[in-house]
Amino acid sequence: MDEVILARHGESELSVVGTVNGDPAVACALTPAGEEQARRLGERLTGVELDLCVTSEFQRVRQTADLALAGRDVQRLVMPELNDVRFGRFEGGTLADYRRWAGENEPTVEAPGGGESRSATVARYVRAYRVILARPERTVLVVAHGLPIRYVLDALEESDPLPLVEQVAYAEPYRLSGADLELATDRLGRWAAAPAWRRP
């Protein structure tokens, strides 16, 4: 892989009201605004030769990819490793409540009710990115969720994962070289091997 384009899904029916959804079995489509964001993503990718599109399992993500790539014959690969965080008892609740909990707990603590720790989430994203880096396709579009993209962007700024991160814009393409993605993935992998929040 020579180049990767990372993009978050468009605005969804749950994200617009601040509800968390980490279960891909839960239906969650794009809003009309999200559909338009996905189409604009496609317009911004006009003229870019895409060899592969990788998505998570979630409806909002796959719908974004469908709209962005409408009329184009691009190979698809679904990777559960890129799924959003499993929120446990916070599933269907507010993002504010989950962020409050995440800020109060160490990264190795699993979200109560069968959820996932943030360190396990990062390790999962690292596995996904390493698979993508090893792909033979030259240019790969990755449509996923805000967290795996934010972690990569922050790692390139030499920042390790934080409990609370800045949101990634909907359907905004971030173009990185394969070398950049490898650098970020290696940093995330080192953090996942010895996870700890950097407190102010």
Of all the helices (runs of 4 or more DSSP H) wholly in region 44-142, which have at least 1 residues that are open to solvent by less than 30 Å² (accessible area, probe 1.4 Å) and among the polar types (S, T, N, Q)? 59-68, 118-133
Could you list all residues from region 13-32 that are outside any loop (DSSP other than H, G, I, E, B) and either surrounded by 23 or more Cβ atoms within 10 Å (Cβ to Cβ) or free of Cβ contacts under 8 Å to residues at least 24 places away in the same chain (or both)? Ser15, Val16, Val17, Leu30, Pro32
Subset of region 163-200 that is among the basic types (Lys, Arg) and in a loop (DSSP other than H, G, I, E, B) - its residue that is nearest to the chain's Cα centre (by Cα): Arg198
Tell me, please, whether a residue that is under 25 Å from Val126 (Cβ atoms), in contact with a strand residue (DSSP E or B) (Cβ under 6 Å, 6 or more places away or on another chain) and not charged (D, E, K, R) can be found in region 20-39. no
If you scan region 139-162, which residues turn out to be within 8 Å of the chain's Cα centre (by Cα) and touching a residue at least 60 places away in the same chain (Cβ under 8 Å)? Val143, Ala144, His145, Gly146, Leu147, Pro148, Ile149
I'm checking my understanding of the structure. Among residues of region 52-73 that are over 15 Å from Glu35 (Cβ atoms) and among the acidic types (Asp, Glu), which one is farthest from the chain's Cα centre (by Cα)? Asp73
Close pairs (6 angstrom Cβ cut-off, 6 or more residues apart or separate chains): more than 14 Å from Leu14 (Cβ to Cβ) in region 86-99, surrounded by 15 or more Cβ atoms within 10 Å (Cβ to Cβ) and not hydrophobic (A, V, I, L, M, F, W, C) anywhere: Arg86/Gly22; Arg86/Gly115; Arg86/Glu116; Gly88/Gly115
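The values are calculated or read from the model by the stated rules, or taken from the named source; none is laboratory data. Note that the coordinates shown come from a computational prediction; the quantities given were computed from them, not determined experimentally. No Cβ is skipped: glycine too gets one built from the backbone with ideal geometry, and neighbour counts run over all protein chains shown. In case anyone asks, the SASA skips ligands and DNA or RNA and just uses the protein heavy atoms, side chains included. Shrake-Rupley method; radii C 1.70, N 1.55, O 1.52, S 1.80 Å.
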